[in-house]
Amino acid sequence: MPRPRLTLILAAALLLAGCGDEITRPASPSAATADQPLLSVLPDSKSATTAQGGPFNLRSGPGTGYSITGSRDGNTAVTITCTSRGESVSGYYGTSRVWDKLANGSWITDTNVYTGTDGPAARPCIRNDYPYASSSTSGVDAWNFYNRQCTSFAAHRINWNGTRTGKTFTNYYLGEHFGDAHLWDDAARASGVALYAKPAVGRIAQWNRNSGGAGGYGHVGYVADVYADGSFLLEEYNWATAYGYGTRRIYPGSGSWPSNFIDF
């Protein structure tokens, strides 16, 4: 006998993921495994060289719609401080959405810079470059998470950084179903992904059910910066702004401290 349509819809929904973020009373920080040396997948900065030819325009943001702030000649040394997803443009090295922010604060398309890789060469910039920011929340992203949920934004950051296996992170990474945010620590353990007690740039902060202010779905966010006092800056979606982007600084010993830090 075929199952009712509603049952099929609900079953399909369970294979996707949300974070819910129903704010509850903060709980005490959960215990996590012993820490290892702080690591980041992409470097904090990258020395590179502009392509042959030029001059190449510098912009005030990652796209040709931003104002021109200057230029760089060809075969000129530059320092990339971070990278971001921006307008898709063509240049000397092909077509790409990767834009490089330089030490002087200006942006240049990665297609006019030699970095030794076709992908981003330095850590992601702290900005809302999430590709599904205007998409329907009932839709599903390329990694099989619901659009504009904390899990989807975290997947975007993980894949921008790159994983240690070299494989694309999805809702079924390394044979495990990551699902809602509160499941990520268990799925990480089962798939051999490392969990830590301390933040590092590039790690994913993860909250279990009803922990640190998260609701029944848990929560995940991206560790964008770490400070000398042990606090860190979190980039996240669907927390203070429903289905939107935000950042916040979280301090050790606070009721908001994550349950785990996951290093993909």
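The values are calculated or read from the model by the stated rules, or taken from the named source; none is laboratory data. As the structure is a prediction and not an experimental result, all values here were calculated from the model. Ideal geometry is used to build each Cβ from the backbone, glycine not excepted, and the neighbour counts take in all protein chains shown. Accessible surface is based on the protein model in full, side chains and every heavy atom, while ligands, DNA and RNA are left aside. Shrake-Rupley method; radii C 1.70, N 1.55, O 1.52, S 1.80 Å.
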| query | Given only helices, namely DSSP H runs of n ≥ 4 each adding -39500 (n - 2.57), what is the per-residue ellipticity at 222 nm of the chain, to the nearest 500 deg cm²/dmol? | reply | -3500 deg cm²/dmol
| request: Please report the relative contact order for the stretch 76-202, taking Cα pairs under 8 Å with a sequence separation of at least 6, and give it as a percent rounded to a whole number. | output: 15 percent
| note | Of G212, G253, G119, the most mobile residue in a GNM of the chain (C-alpha springs, cutoff 10 Å) is G253
| task | Under 11 Å from the Cβ of A51, count the other residues' Cβ atoms, weight Lys and Arg +1, Asp and Glu -1, and hand me the total. | result | -1
| Straight-line reach from K198: which lysines have a Cα under 26 Å away, not including same-chain ones fewer than 8 places off? | K46, K167
| Which of D110, D186 is most accessible, then next, and so on - probe 1.4 Å | D186, D110
| How big is the gap, in Å, between the Cα center of the stretch 155-203 and the Cα center of the stretch 212-264? | 15 Å
| field | Max mean-square fluctuation residue, GNM over the chain, Cα-Cα springs under 10 Å, options P120, P252, P43 | value | P252
| request: Write down the Å³ per residue value for the convex hull defined by the alpha carbon atoms of the chain. | output: 147 Å³
| If you put +1 on each Lys and Arg Cβ and -1 on each Asp and Glu Cβ, how big is the dipole of the chain around its Cα centre, in Debye rounded to 20? | 220 debye
| message | Restricting to bridges with both residues inside the stretch 59-125, how much of the DSSP beta-bridge set is antiparallel, in percent to the nearest 5? | response | 95 percent
| note | Carbon/sulfur accessible area of the chain, % of total, 1.4 Å probe, equals 51 percent
| field | Accessible area per residue, Å², the chain with all protein chains present, probe 1.4 Å | value | 45 Å²
| Under a 1.4 angstrom probe, counting protein chains only, how are D185, D225, D73 ranked by accessible area, largest first? | D73, D225, D185
| task | Tabulate in residue order the Karplus-calculated ³J(HN,Hα) for the stretch 172-189, using 6.51 cos²θ - 1.76 cosθ + 1.60 with θ = phi - 60°, rounded to whole Hz; enter x for Gly and Pro. | result | 10, 5, 6, x, 10, 8, 7, x, 5, 4, 5, 8, 5, 5, 5, 5, 5, 4
| Average Cα contact separation per residue, the chain, under 8 Å, 6 or more apart, as relative contact order % | 23 percent
| said: Under 19 Å between alpha carbons, and skipping anything fewer than 8 positions from K101 in its own chain: which aspartates and glutamates qualify? | reply: D44, D73, E87, D110, D118, D129, D225, E235
| request: Select from N112, N238, N75 the residue whose mean-square fluctuation is largest in a Gaussian network model of the chain (Cα-Cα springs shorter than 10 Å). | output: N75
